[in-house]
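The values are calculated or read from the model by the stated rules, or taken from the named source; none is laboratory data. What you see is a predicted model, and the numbers here were worked out from it, not measured in a lab. All Cβ positions, even for glycine, are placed from backbone atoms using ideal geometry, and neighbour counts span all protein chains on display. Heavy atoms of the whole protein, side chains included, go into the accessibility calculation; ligands, DNA and RNA do not. Shrake-Rupley method; radii C 1.70, N 1.55, O 1.52, S 1.80 Å.
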Amino acid sequence: MRKKIVAGNWKMNMDLAEGLKFASSLNKYFSEKPSPKAMVILCTPFIHLAGVSEIVKHGKVALGAQNCASEASGAYTGEISAWMIRSTGAEYVIIGHSERRSYYNEDDRILNRKTIMAINSGLKVIFCCGESLSERESKNHFMIVRRQLEEGLFSLSEEQMDMVVIAYEPVWAIGTGLTATPEQAQEMHKYIRGLVKEKYGNECAKKLPVLYGGSCKPSNASEIFAGPDVDGGLIGGASLKKEDFTAIIEAL
Ligand code: PGA
């Protein structure tokens with residue numbers, strides 16, 4: 001059985017006190033409940049990592065960052081290395097989010113470097129891919145996702161792929177209120193798993209979690225998660241509200 005995962009992507013929200021308070025309340029919620037069937041990961045801004053790590057240390061919630069540097073260490077003012085993230089106790093990092101690709105010009109080559117850096121530092125990678133609206137309308141969505149995975153990810157060894165979770169996030173669905181239909185999500189997830197199978201074989205493809213992201217909310221989560229190749233979600237806006245986030249986890 002593949003791992004089921006719900007990861008919350010806080011993006012650039014909440015100051016330190018707000019973030020720690022929110023993490024404490026989620027941690028408390030999960031410690032009082034029977035273990036969720038899905039693994040829950042909070043991907044916080046860098047400044048929250050060390051504090052949230054202390055809070056969730058003995059709990060059921062895992063911790064991740066939203067980005068890391070493409071270099072290991074040295075004179076890179078303002079950057080945060082994968083190893084620094086790992087040293088906080090965080091276990092995951094999101095790489096290749098469409099907001100990083102478009103606002104910070106992160107291309108496939110840089111994302112491949114970041115992925116390797118993260119894995120070599122002991123972090124598991126939530127690798128994002130997904131097409132824009134015009135790419136879907138021109139029926140290039142499969143080709144785009146294929147390129148993103150081939151260039152960003154497929155230089156990894158089969159062993160390194162054990163450290164990877166893929167998140168399919170159609171750009172047109174992120175923060176827009178538009179969601180892929182369950183059929184569109186399942187179709188792309190199946191395609192992604194097929195690509196992994198082609199490259200790494202059936203065993204690897206079968207155990208790789210593929211998450212959906214893009215305006216996932218309590219009202220649409222169970223429909224989307226029903227797809228046999230949909231193993232959970234990467235949740236933005238709805239991960240900032242405890243009721244919504246926990247309802248999405250329940251849906252899975
Ligand atoms: P959203 O964001 O749920 O707010 O659409 C998802 C994401 O960007 O990971």
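In segment 102-113, the qualifying residues are those that are within 16 Å of the ligand (Cβ to nearest atom) and without any contact (Cβ under 8 Å) to a residue 12 or more places away in the chain, and the one that is surrounded by the most Cβ atoms within 10 Å (Cβ to Cβ) is GLU106. For segment 145-192, filtering for residues that are over 26 Å from SER222 (Cα atoms), among the small types (Gly, Ala, Ser) and either within 16 Å of the ligand (Cβ to nearest atom) or touching a helix residue (DSSP H, G or I) at 6+ places or on another chain (Cβ under 8 Å) (or both) leaves 2. Exactly one residue out of ILE126, ILE116 is open to solvent by 20 Å² or more (accessible area, probe 1.4 Å), of a type in the set (A, V, I, L, M) and modelled with pLDDT of 95 or more: that is ILE116. Hey, could you check segment 231-250 for residues that are under 13 Å from the mean Cα position of the chain (by Cα) and open to solvent by less than 10 Å² (accessible area, probe 1.4 Å) and say which is farthest from the ligand (Cβ to nearest atom)? Residue satisfying both the conditions and the ranking: ASP231.
Of all the numbered requirements in (1) open to solvent by 20 Å² or more (accessible area, probe 1.4 Å); (2) over 23 Å from MET84 (Cβ atoms); (3) in a helix (DSSP H, G or I), GLN148 misses one, and that requirement is (1). Among the residues of segment 193-209, not one is assigned to a helix (DSSP H, G or I) and within 16 Å of the ligand (Cβ to nearest atom). Might you check whether a residue that is over 21 Å from ALA72 (Cβ atoms) and part of a helix (DSSP H, G or I) occurs anywhere in segment 110-127? No, every residue in segment 110-127 fails to be over 21 Å from ALA72 (Cβ atoms) and part of a helix (DSSP H, G or I). Report yes if GLU183 is more than 18 Å from the chain's Cα centre (by Cα) and more than 16 Å from ASP231 (Cα to Cα), otherwise no. Spelling it out, it is not the case that GLU183 is more than 18 Å from the chain's Cα centre (by Cα) and more than 16 Å from ASP231 (Cα to Cα). Tallying residues that are in contact with a helix residue (DSSP H, G or I) (Cβ under 6 Å, 6 or more places away or on another chain) and more than 17 Å from MET39 (Cβ to Cβ) within segment 68-92 yields 5.
Taking segment 188-217, which residues are without any contact (Cβ under 8 Å) to a residue 60 or more places away in the chain and open to solvent by 50 Å² or more (accessible area, probe 1.4 Å)? Selection gives LYS190, TYR191, LYS197, GLU198, LYS199, ASN202, GLU203, LYS217. Being among the β-branched types (Val, Ile, Thr) and away from the ligand (no atom under 16 Å from the Cβ) is the filter here; which residues of segment 9-47 pass it? Result: ILE47, single match.
For segment 218-230, filtered to residues that are touching a residue at least 40 places away in the same chain (Cβ under 8 Å) and either within 7 Å of the ligand (Cβ to nearest atom) or farther than 21 Å from PHE127 by Cα (or both), the residue that is most open to solvent (accessible area, probe 1.4 Å) is GLU223. Give the residue that is nearest to the chain's Cα centre (by Cα), with candidates limited to residues of segment 70-87 that are surrounded by fewer than 19 Cβ atoms within 10 Å (Cβ to Cβ) and β-branched (Val, Ile, Thr). Going through the qualifying residues, I end up with ILE80. Within the bounds of segment 162-171, is there any residue that is in a loop (DSSP other than H, G, I, E, B), modelled with pLDDT of 95 or more and out of contact with any Gly (no Cβ under 6 Å at 6 or more places or on another chain)? For segment 162-171, residues in a loop (DSSP other than H, G, I, E, B), modelled with pLDDT of 95 or more and out of contact with any Gly (no Cβ under 6 Å at 6 or more places or on another chain): present.
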